[in-house]
Every structure is written in C-alpha cells, then in structure tokens.
C-alpha cells in the first residue's frame with residue numbers, strides 16, 4: 001500500500017492545506033467531518049495503520065518515543081509502522097497520506113463542504129472566461145461546467161471538480177474535457193502530424209476538405225493559446241503539403257515529418273526536418289536504400305532509431321514491410337524478420353515497450369479493420385501474436401495512441417461504419433485491456449485521423465487530443481488526466497521504493513496477521529510472529545546490502561555499456577567517413593569510366609571507318625586482278641600476233657630467195 005502511494009506521490013497533489021483537510025476528513029487531529037465519520041474504521045487494518053503513521057510523521061516528525069511495553073498488538077503495530085518510516089520528511093508524509101486516502105475513498109474531496117483550503121491544480125489554463133465568472137467586487141465566483149460523462153451524455157460538474165481561481169484549474173480524472181482556447185484556431189483537419197516538445201504542441205499538415213495542408217500550428221499548453229509558426233527561408237523552403245504522415249520530436253529542438261501522401265509524391269520516402277531554433281524546414285540527407293513513399297504508416301522512435309512499419313503507397317497498395325533509419329549515421333536499412341508479421345495495413349497504431357518490443361495494434365485494409373495485436377522483438381527481430389486479455393477493443397483504424405509509463409492509451413478510430421467512442425488502455429507488461437471512459441457518438445473524440453500527445457505537469461501527465469473527422473473536420477482540443485489507478489503500476493516501476501517502505505510493508509503485513517491471531521486468542525502464535533518481525537527486519541538489512549551490491553554491479557555494467565556504446569558510435573562515425581570517401585572514389589571512378597566509354601566509342605567509330613576503307617580496297621584489288629588477267633590475255637594475244645607476223649615475214653623472205661633462184665621476180669606471186 002505504501003509502495004503504491006510512494007510511486008504516485010511525486011504528482012504533487014498533496015499540499016499542506018489539502019493534507020489537513022484529508023486528516024480532518026479521516027478523523028485525525030480533531031473532530032472528523034460529518035462526511036468522514038467512521039472512515040478509518042471502514043479501512044483495512046494496514047491502511048489505517050499507515051494513515052496513522054503518516055499523520056504522526058507529518059505533524060510530529062520521526063518517531064522518538066520508546067517502544068511500548070506489554071503485549072498490546074495495536075499499540076506495538078502503530079509504533080512499528082511509525083518507526084518504519086525512518087527520517088521521511090513531513091511534506092512527503094503529507095503527500096502519501098492524501099494518496100492513500102484517495103485510493104481508499106476516491107471521492108472524499110468532493111464531499112468536503114466545510115472547508116476547501118486550496119484547489120487542486122491539475123491543468124493550468126490561462127484566460128478561460130468560460131470556467132469562472134468575476135463578480136463586481138473582483139472576486140472570482142466558481143461556476144458549473146458541462147463535460148461528457150461515461151455514457152457520452154453531458155452533465156454539469158460543480159465547482160468541487162472544476163474550479164477556477166487565478167489562472168484556472170481543471171480537476172477531472174479519466175474524463176475528456178473540451179478546453180476553451182484563445183488565439184486563431186487552425187483549420188479543422190485529420191490525418192495530420194502532432195508532436196509535443198516542452199510545453200508546446202505542434203500540428204503540421206493534414207487533410208481539410210480533400211486538400212492537403214502544409215501549415216505548422218503551435219499550441220502553448222500553459223496559456224492554451226494558438227499561434228501559427230513563422231517559417232523562415234530554409235534551403236528547401238516550405239515543405240510539400242501532405243497528410244497521413246508522422247511528426248516525431250527529435251534532438252530536443254527539432255521535428256521530423258516522415259512520409260505522408262502528397263499530390264506529387266516521390267518514389268522514395270522523404271524525411272523533412274523543422275529546426276525550432278532557426279524556424280526553417282530542410283530535407284534530411286540519408287544514405288542507403290530508403291523505403292517507397294507511403295502514408296498511414298507508423299513511425300516509432302526507439303532510442304536513436306526510427307522504426308517504420310506498414311502503410312499505403314502511392315498506388316494504394318497496402319504494405320507490411322519494416323524499415324529502420326539510424327539517426328546517428330542517417331542510414332536506411334530494410335529489416336528481415338522471422339515469424340508471422342501483421343497483414344498489410346495502414347492507419348494502425350504502434351508503441352515501444354522497454355526499448356525492446358514494438359507493439360502494433362489495429363489498422364485497416366481496403367475492406368476491413370483489425371483489432372489484432374502483434375509484438376516485434378527488436379533484438380531478435382521476431383514477430384509474435386500474443387493473447388490479449390481484459391476488455392479487448394473492437395476493430396478500428398485511424399485511431400491514435402500514446403504511452404504513459406507502461407500503459408498504452410488508444411483513442412478514437414473507426415470501423416468503416418461509425419467512430420469508436422471508447423478510450424482504452426493496454427498494460428504493455430500484462431497485455432490486459434481496460435476501458436478508461438467513453439464519449440457520445442459523433443463527437444471529435446470518436447473520430448478518425450485525430451492526434452494524441454502527452455504533456456507533463458507538476459501534477460502528472462495529461463493526454464491532449466486534437467482534430468479528427470467524423471462527418472466534419474474538427475479543430476477542438478480535449479484533455480484527459482489519467483487517474484492514479486490507471487497509471488499506478490507504471491509509476492511503481494519508474495519510481496524507486498525507499499528501503500523504509502519495504503520495511504513498513506513487511507511490518508504491516510505481519511501486523512495484519514498479529515491482529516487476526518490476537519482476536520482468536522492465540523498468544524503463542526503472536527509471539528512467533530513478533531519474532532518473525534525481528535527476523536524480517538534482519539532480512540531487510542541483508543537485503544539492503546544485497547541491493548547495494550546489485551546496484552554496484554549494475555553501475556559497473558552501465559559504465560561498460562556506455563563505454564561500449566561510445567566505441568560503437570566512434571566506429572559508426574568512422575564507417576560513415578569511410579562511406580563518404582568511398583562514395584567520392586566511386587564518383588571519380590565513374591567519371592573515369594565515362595571518359596573511357598567515350599574513348600571506346602570514338603575508337604569503335606574509327607574502326608568502322610577503317611573497315612569500310614578496307615572493303616573498298618578489297619573491291620579495288622579484285623578489279624585489279626581482273627585487269628591483270630585481261631592484260632595477260634592481251635599480252636598473249638599480242639605475242640601471238642607478233643609471232644605470226646614474224647613467221648609470215650620469215651616465210652616471205654624465204655620465198656623471195658628461192659624465187660630469185662628460180663627466176664621469179666619479187667612481187668610476182670602477189
């Protein structure tokens with residue numbers, strides 16, 4: 001019980017005046033309020049003892065009285081509970097007192113009518129004339145305010161629950177409240193991007209009447225005032241109007257707009273960066289192979305990486321691929337997973353648990369909506385589909401989700417027929433669903449494409465919802481403060497429990513058994529239990545030493561991991577430098593290759609011309625062979641003619657001699 005109260009005590013709800021009101025209501029420190037008569041007698045034994053011990057610690061201080069003598073189990077239990085608180089400061093005891101009372105009797109404060117020392121400031125709201133009216137003498141008079149109840153109907157909450165004083169306050173647990181805001185409201189929209197950095201809510205882009213938007217709106221969550229961000233001239237100018245994208249806070253002063261549907265979408269997924277210091281947009285330069293462009297995907301920041309799953313591409317094809325962008329090396333990587341992944345879908349919700357497990361819930365295809373839950377182990381990259389428990393939500397798509405500790409809140413969405421009115425929460429450790437609240441149908445919180453973020457106040461986290469579409473485009477702002485019951489377990493895991501708390505838990509558990517045995521008259525058993533208390537205290541001391549050893553080993557392991565992480569970062573930077581050098585060398589080689597290709601083309605052209613010349617020469621050679629043959633024939637003919645002529649001449653000369661001898665004069669034969 002005390003551990004539970006300790007885990008939620010840091011919310012800052014218990015002021016001293018509220019403590020004294022709670023103490024009087026519970027019956028401590030004077031006559032109890034009429035509404036609280038008998039409240040202590042109605043509590044469990046351990047709760048009553050803790051309230052007593054905390055009251056003494058808050059009003060008197062640490063226990064300095066000696067241990068009571070005799071065997072009065074009640075007095076000894078009171079003394080043991082008080083001393084178990086050790087040196088706890090009085091303010092912490094006051095807060096724990098109020099927390100335990102609220103846990104046992106959540107509505108006690110609304111029933112206190114004789115005194116309201118100070119209102120509980122859950123959400124500070126400046127400039128809210130609708131909540132309170134100022135009388136003629138300048139005093140602020142509380143008025144009633146209308147808010148939706150569990151069944152969606154509107155009811156009036158009196159000034160006990162919603163009170164305005166000075167800046168104004170809202171105190172309603174597990175209920176959505178529509179906040180009046182000032183400034184120029186942005187256009188109603190859905191499928192926009194939303195992110196919270198500090199006390200500012202940033203809204204970028206979205207869909208309004210079928211038109212994509214690219215404005216950046218800012219809501220100051222202290223004054224609840226809207227304004228439009230003035231964009232300076234960056235190197236890329238204004239980003240392209242888009243919808244279905246994701247807006248992710250990064251590096252403390254930057255916003256990442258990831259993916260989204262645009263009218264002139266590129267082939268690959270784009271990441272835009274808005275620098276809050278320079279008020280300028282730019283395109284994130286990445287390496288590796290980026291995913292195809294898409295919208296309706298989920299983008300989850302896990303450490304220094306973005307995990308992108310699913311969505312719908314420009315051709316309306318549904319996807320279920322998984323990509324990771326390392327924000328330190330700016331390198332994309334498509335992950336190969338094992339197991340059965342979720343079916344292709346878009347407009348789903350995703351969250352990370354313990355920096356290791358990626359949870360994907362719901363979403364839709366072209367024909368149906370889902371309510372299945374899938375878990376991806378980011379270390380083994382294995383998908384699984386665990387069994388859901390509790391009040392499992394109905395199928396939906398276009399819903400919004402946000403985590404508070406280990407609780408995952410899901411708001412809105414639709415199933416192609418109507419909007420979903422229930423706000424549900426999943427405990428990511430136990431995978432148990434429960435319904436937080438419900439609203440009336442066709443209100444902004446039962447819309448598709450709305451956004452949901454968390455904002456931290458001194459009183460704890462609140463959920464802030466904006467926009468959505470359920471037949472009309474809305475620009476309303478709603479807030480919900482989760483009760484300590486819905487966030488109890490996560491805060492217990494996040495808040496270290498002091499050693500004194502462990503000791504008190506052991507003592508109070510034994511005290512409950514002591515009183516039971518005392519009532520039955522078993523005194524021997526009582527003595528044994530008291531001895532067990534002493535042994536338990538000794539075990540606590542040993543446990544403290546063990547815890548110190550464990551903390552020491554964890555510290556050493558942490559230092560080793562930090563050293564290893566530092567080395568990994570240096571190695572990654574070295575690889576990035578080598579990659580850049582390789583790209584430079586590749587570019588030079590590419591240029592050389594292009595030059596060689598040009599030279600090769602010129603040589604190929606020259607070779608072709610030479611081949612043509614050779615062909616022509618071959619033709620000339622063939623003609624020369626023919627001419628040579630003809631010349632040879634002519635030569636032979638000439639030789640024949642010459643030989644014939646010579647022979648004829650010889651015969652002629654031979655006939656002339658014999659004719660002369662015969663007395664025939666030359667020329668008489670012719």
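Out of region 462-473, which residues are at pLDDT below 95 and either surrounded by 21 or more Cβ atoms within 10 Å (Cβ to Cβ) or not assigned by TED's automatic domain parsing to the domain that holds residue 412 (or both)?
469, 470
Quick grid of which residues meet (1) in the same structural domain as residue 342 (by TED's automatic domain parsing); (2) farther than 17 Å from residue 245 by Cβ; (3) assigned to a strand (DSSP E or B); (4) without any contact (Cβ under 8 Å) to a residue 40 or more places away in the chain:
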{"residue": "289", "(1), (2), (3), (4)": "yes, yes, no, no"}
{"residue": "299", "(1), (2), (3), (4)": "yes, no, yes, no"}
{"residue": "306", "(1), (2), (3), (4)": "yes, no, yes, no"}
{"residue": "310", "(1), (2), (3), (4)": "yes, no, yes, no"}
{"residue": "315", "(1), (2), (3), (4)": "yes, yes, no, yes"}
{"residue": "320", "(1), (2), (3), (4)": "yes, yes, yes, yes"}
{"residue": "328", "(1), (2), (3), (4)": "yes, yes, no, no"}
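Restricting the search to region 332-352, which residues are assigned to a strand (DSSP E or B) and surrounded by 18 or more Cβ atoms within 10 Å (Cβ to Cβ)?
Answer for region 332-352, where residues must be assigned to a strand (DSSP E or B) and surrounded by 18 or more Cβ atoms within 10 Å (Cβ to Cβ): 332, 346, 349, 350, 351, 352.
Residue check: is residue 356 farther than 17 Å from residue 306 by Cα, in contact (Cβ under 8 Å) with a residue 12 or more places away in the chain and assigned by TED's automatic domain parsing to the domain that holds residue 317? Please lay out each step first, then the result.
On the way: farther than 17 Å from residue 306 by Cα: no; in contact (Cβ under 8 Å) with a residue 12 or more places away in the chain: yes; assigned by TED's automatic domain parsing to the domain that holds residue 317: yes.
No, not satisfied.
So, residue 87, is that one modelled with pLDDT of 60 or more, at negative phi and buried (at least 18 other Cβ atoms within 10 Å of the Cβ) or not?
Taking the combined requirement at face value, the residue does not satisfy it.
Using beta carbons and a limit of 7 Å, which pairs, at least six apart or on different chains, have the first residue in region 559-578 and over 14 Å from residue 303 (Cβ atoms) and the second one surrounded by 10 or more Cβ atoms within 10 Å (Cβ to Cβ) and modelled with pLDDT of 85 or more?
If the second residue must be surrounded by 10 or more Cβ atoms within 10 Å (Cβ to Cβ) and modelled with pLDDT of 85 or more, the pairs left are 576/329.
Being surrounded by fewer than 21 Cβ atoms within 10 Å (Cβ to Cβ) and within 14 Å of residue 49 (Cβ to Cβ) is the filter here, so list the residues in region 90-104 that pass it.
First, the residues of region 90-104 that are surrounded by fewer than 21 Cβ atoms within 10 Å (Cβ to Cβ): 90-92, 103-104.
Correct list: 104 only.
Restricting the search to region 87-98, which residues are farther than 16 Å from residue 27 by Cα and part of a helix (DSSP H, G or I)?
Of everything in region 87-98, those that are farther than 16 Å from residue 27 by Cα and part of a helix (DSSP H, G or I) turn out to be 90, 91, 92, 93, 95, 96.
Is it the case, given these coordinates, that residue 279 is out of contact with any strand residue (DSSP E or B) (no Cβ under 8 Å at 6 or more places or on another chain), in the same structural domain as residue 331 (by TED's automatic domain parsing), more than 21 Å from residue 191 (Cβ to Cβ) and free of Cβ contacts under 8 Å to residues at least 60 places away in the same chain? Spell out how you get there, then give the answer.
Details: out of contact with any strand residue (DSSP E or B) (no Cβ under 8 Å at 6 or more places or on another chain): yes; in the same structural domain as residue 331 (by TED's automatic domain parsing): yes; more than 21 Å from residue 191 (Cβ to Cβ): yes; free of Cβ contacts under 8 Å to residues at least 60 places away in the same chain: yes.
Criteria met by residue 279.
What do you reckon, is residue 528 modelled with pLDDT under 65 and surrounded by fewer than 10 Cβ atoms within 10 Å (Cβ to Cβ)?
Criteria not met by residue 528.
The values are calculated or read from the model by the stated rules, or taken from the named source; none is laboratory data. Just so we're clear, the structure is a prediction, and the values are computed from it rather than from any experiment. Don't worry about glycine lacking a Cβ; one is built from the backbone with ideal geometry, like all the others, and counts go over all protein chains shown.
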